[in-house]
There are 6 protein chains.
Amino acid sequence: MDIKLIKAPGENTLRIISERSRYKIEENPGAIGLVQGKLIEMIGACDIAEKSVGVEVFDVRGSCPQNFVLLAIVGDMEEVKVALENIKAGGDVKKW
Amino acid sequence: MDIKLIKAPGENTLRIISERSRYKIEENPGAIGLVQGKLIEMIGACDIAEKSVGVEVFDVRGSCPQNFVLLAIVGDMEEVKVALENIKAGGDVKKW
Amino acid sequence: MDIKLIKAPGENTLRIISERSRYKIEENPGAIGLVQGKLIEMIGACDIAEKSVGVEVFDVRGSCPQNFVLLAIVGDMEEVKVALENIKAGGDVKKW
Amino acid sequence: MDIKLIKAPGENTLRIISERSRYKIEENPGAIGLVQGKLIEMIGACDIAEKSVGVEVFDVRGSCPQNFVLLAIVGDMEEVKVALENIKAGGDVKKW
Amino acid sequence: MDIKLIKAPGENTLRIISERSRYKIEENPGAIGLVQGKLIEMIGACDIAEKSVGVEVFDVRGSCPQNFVLLAIVGDMEEVKVALENIKAGGDVKKW
Amino acid sequence: MDIKLIKAPGENTLRIISERSRYKIEENPGAIGLVQGKLIEMIGACDIAEKSVGVEVFDVRGSCPQNFVLLAIVGDMEEVKVALENIKAGGDVKKW
């Protein structure tokens, strides 16, 4: 699972994510966290991120609306960082 | 074959699964089990899970309705756990 | 090439195969054999299976009708077993 | 590159190839040769096969008409065998 | 992540990129930089490139508009070079 | 990156390329060069080939018009050979 954190993402970067998800650019966020991996991992990461405080979570889609290729976590820098840390810690998701 | 168990899945996580399967969110389930692997493995896991007690089984689809990328098993925590254990034990499915 | 045998497949399992092939569920079959591999292997396995006695053979499709992702062999337990054994023995299909 | 030779292919096998190519089943052929590999290899194999005597060559398509996933060579047993031997020998196609 | 720099790209090369992105050919650019890698890497590279001076950044799409298979960076030779150097240096994007 | 050279390509081979690109068969060419590799490599090879003398360059598409799965270089035998040599030499394309 690859995880990246973008500080003060630029217009093009926000547009690329917005065009492929339900994310609407209203004001530029402080940070965007990105998570890419197997579908099962990204659904698990989504659950953990949405239980974090102050961030919004979006599934970024590939070639069709039902596809799911990337998880985007939008918020202030500190809150996105906490969400990414929680994803690494595993939260309520257990490998069986 | 990857198997994960999510306790008390959040709204976004349920929506992601619901948008890509016949699963309708009526009340938040206690747990969701996820199984990802080869198509032949997921069909075998589906057969075992649906013979377990108290869970519902959904095929999560990818880019088109006919695709099948993930198996979701919805129910109470204990019942989902039993279904996942049964999948590991192999049930009525034999490797030939 | 992966081969699996499912005894008395459940309703969901039959529906998943039925939704992705010409297979119509009339009465629950005794067994389903599944074969997954390269396209060239599955076409070879299809030829062998359809020359076996008492089974029906279906190509299970992926994201589009022209795709072919899995071979399903439907029939009584003993007949499906014989078809799977024949596939392993190679029948009229030769590797060149 | 995988190559297989099917003797007196059955109805289902012919239908699977026919549904995914321009091949029309008129009378059952003596043999079908199948070639699966990289696109560049299959186009090269196509060129060699169509310069062989007495066989017809078809590109079998995947999820869309423009896809090309398998080469089918239809004819009498001996002629298909010669075409497959020619493919192995390399014909007018050179690796650069 | 693969990175290439094309000096004074030809008409066909510009057309291939133009047909698959929002890029409109007005006058032939001095150079095009190309970046191919995982989606998460290309979004990170996009953010860095668009914070560079004097270049324009385009997401090149694959089989559907929502797909994203390559990043193109268009501008004068020296400015494209600086953008590619910045991508290698990592900019505001951190691996977590 | 795979490179092949086909001498005096046959009708089926030309049709397969024509159906998947802007290439129109007017008279049979002396040779076709084929290049298959990563998208970034094929765009680089396209730029080099179109700067060669006497050949035409076509992007062969896969499942959708925006896809790009193979580069075809059409012309006389000697000119196609020179283009393929130029591709190997790297031309105006630099790995960064």
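Of all residues in the stretch E:1-32, those satisfying the criterion of being part of a loop (DSSP other than H, G, I, E, B), more than 15 Å from F:Ile48 (Cβ to Cβ) and of a type in the set (A, V, I, L, M) are E:Met1, E:Ile25.
Among the residues of the stretch F:42-51, write down those that are within 14 Å of chain D (Cβ to nearest Cβ) and buried (at least 24 other Cβ atoms within 10 Å of the Cβ). Passing the criteria: F:Ala45, F:Ile48, F:Ala49.
Regarding C:Val60, is this residue buried (at least 19 other Cβ atoms within 10 Å of the Cβ), touching a strand residue (DSSP E or B) at 6+ places or on another chain (Cβ under 9 Å) and either modelled with pLDDT of 95 or more or of a type in the set (D, E, K, R) (or both)? Here the answer is no, as C:Val60 does not meet what is asked. The set of residues from the stretch A:52-64 being in contact with a helix residue (DSSP H, G or I) (Cβ under 8 Å, 6 or more places away or on another chain) and more than 7 Å from every other protein chain (Cβ to nearest Cβ) comprises A:Ser52, A:Val53, A:Gly54, A:Val55, A:Phe58, A:Val60.
Can you tell me how many residues in the stretch F:83-93 are closer than 20 Å to E:Ala31 by Cβ and either crowded, with 24+ Cβ neighbours inside 10 Å or among the hydrophobic types (A, V, I, L, M, F, W, C) (or both)?
Residues that pass the stated criteria total 3.
Okay, residues lined up against (1) part of a loop (DSSP other than H, G, I, E, B); (2) closer than 21 Å to E:Pro9 by Cβ:
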{"residue": "E:Val35", "(1), (2)": "no, yes"}
{"residue": "E:Ile43", "(1), (2)": "no, no"}
{"residue": "E:Val53", "(1), (2)": "yes, yes"}
{"residue": "E:Phe58", "(1), (2)": "no, yes"}
{"residue": "E:Asn67", "(1), (2)": "yes, no"}
{"residue": "E:Ile73", "(1), (2)": "no, yes"}
{"residue": "E:Glu78", "(1), (2)": "no, yes"}
{"residue": "E:Glu85", "(1), (2)": "no, yes"}
{"residue": "E:Lys94", "(1), (2)": "no, no"}
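Would you check if F:Asn67 is over 14 Å from the mean Cα position of the chain (by Cα) and more than 7 Å from chain D (Cβ to nearest Cβ)? In short, yes.
Would you check which residues across the stretch B:15-42 are modelled with pLDDT of 95 or more and either of a type in the set (A, V, I, L, M, F, W, C) or on the phi > 0 side of the Ramachandran plot (or both) and list them? Matches in the stretch B:15-42: B:Ala31, B:Ile32, B:Leu34, B:Val35.
The single residue among A:Leu39, A:Leu5, A:Leu14, A:Leu34 that is facing chain E (nearest Cβ under 7 Å), aliphatic (A, V, I, L, M) and surrounded by fewer than 24 Cβ atoms within 10 Å (Cβ to Cβ) turns out to be A:Leu5.
Screening A:Val80, A:Val74 for residues that are crowded, with 20+ Cβ neighbours inside 10 Å and more than 12 Å from chain E (Cβ to nearest Cβ) leaves exactly one candidate, A:Val74. With respect to the conditions (1) at pLDDT 95 or above; (2) in contact with a helix residue (DSSP H, G or I) (Cβ under 9 Å, 6 or more places away or on another chain), F:Glu79 lacks only one, and its number is (2).
Residues that are under 26 Å from D:Met77 (Cβ atoms) and of a type in the set (Ser, Thr, Tyr) are absent from the stretch C:57-70 altogether.
Taken together, the residues in the stretch B:17-28 that are buried (at least 19 other Cβ atoms within 10 Å of the Cβ) and in contact with a helix residue (DSSP H, G or I) (Cβ under 8 Å, 6 or more places away or on another chain) amount to 2.
The values are calculated or read from the model by the stated rules, or taken from the named source; none is laboratory data. Predicted, not measured: the structure shown is a model, and the values here were computed from it. Glycine also receives a Cβ, built like all others from the backbone with ideal geometry; neighbour counts cover every protein chain displayed.
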